[in-house]
Amino acid sequence: MAAKSPWAARKARHRRVRKHVSGTTERPRLAVFRSARFTYAQVIDDTKGHTLAAASSKEVESPEVVKAEAARQVGKLLAQRAKAAGISAVVFDRGGYLYHGRVKQVAEGAREEGLRF
């Protein structure tokens, strides 16, 4: 049996977590995706299949900003947009990634702006 690629392993972890983590209207899901260059986050109501708020490091990044700091800013921006949409509590979906680095920075940035999870 061949070893899974890192991408396939992450997708398997994400599917496994998504069996238990689902966003509702009262408590939507904060989903994080990180590519090699950018970090994306969105607040999703899974019952309707709608994205309620979204942010990415493309919006906040400048050449001298470290990716981890850009991720924290993504979390803050997303939390501000979620608050404006009337959302105060979410369920965190780390997308199969370790809760470390940029994923952790998004969560901490969102918490700093008052989003509860």
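Each residue of the range 79-86 is assigned a 3J(HN,Hα), and the resulting list reads 4, 4, 5, 5, 4, 5, 8, x Hz, derived from the Karplus form 6.51 cos²θ - 1.76 cosθ + 1.60 (θ = phi - 60°), x at Gly and Pro. Among the GluC sites (Glu not before Pro) within the range 1-82, those in coil by DSSP and having at most 14 neighbouring Cβ atoms inside 10 Å are Glu26, Glu64.
DSSP loop trypsin sites (Lys or Arg not before Pro) in the range 10-117 with at most 16 other Cβ atoms within 10 Å of their Cβ, which ones? Listed in order of number, the matching sites are Lys19, Arg37, Lys48.
Sorted from greatest to least, the principal axis extents spanned by the alpha carbons of the chain come out as 49, 39, 19 Å. The residues Leu98, Leu30, when put in order of fewest to most other Cβ atoms within 10 Å, stand as Leu98, Leu30. Legend: P(r) of the range 67-106 from all alpha carbon pair distances, 10 Å bins from 0, whole percents, reading 31, 50, 19. For a modelled paramagnetic label at Ser35, 7 Å from Cα along Cα-to-Cβ, the residues of the range 49-85 in reach, with backbone nitrogen under 15 Å, are 55-61. Converting phi to 3J(HN,Hα) with the Karplus coefficients 6.51, -1.76 and 1.60 and the offset θ = phi - 60°, the range 4-10 yields 6, 6, x, 5, 5, 5, 5 Hz in sequence order, with x at every glycine or proline.
In order along the range 13-30, the Karplus-derived 3J(HN,Hα) couplings, from 6.51 cos²θ - 1.76 cosθ + 1.60 at θ = phi - 60°, round to 4, 5, 4, 5, 5, 5, 4, 10, 9, 9, x, 10, 5, 6, 9, x, 8, 9 Hz, and Gly and Pro are given as x. For Asp46, the amide hydrogen comes within under 5 Å of the amide hydrogens of Gly23, Thr24, Arg29, counting only partners 5 or more places away or on other chains and with H modelled in the peptide plane.
Throughout, read-outs are computed from the coordinates displayed, never taken from laboratory work. This one's a predicted model, so the numbers in the text were calculated from it and none came from an experiment. When we count neighbours, we look across all protein chains shown, and the Cβ atoms used for this are built from the backbone with ideal geometry, even at glycine.
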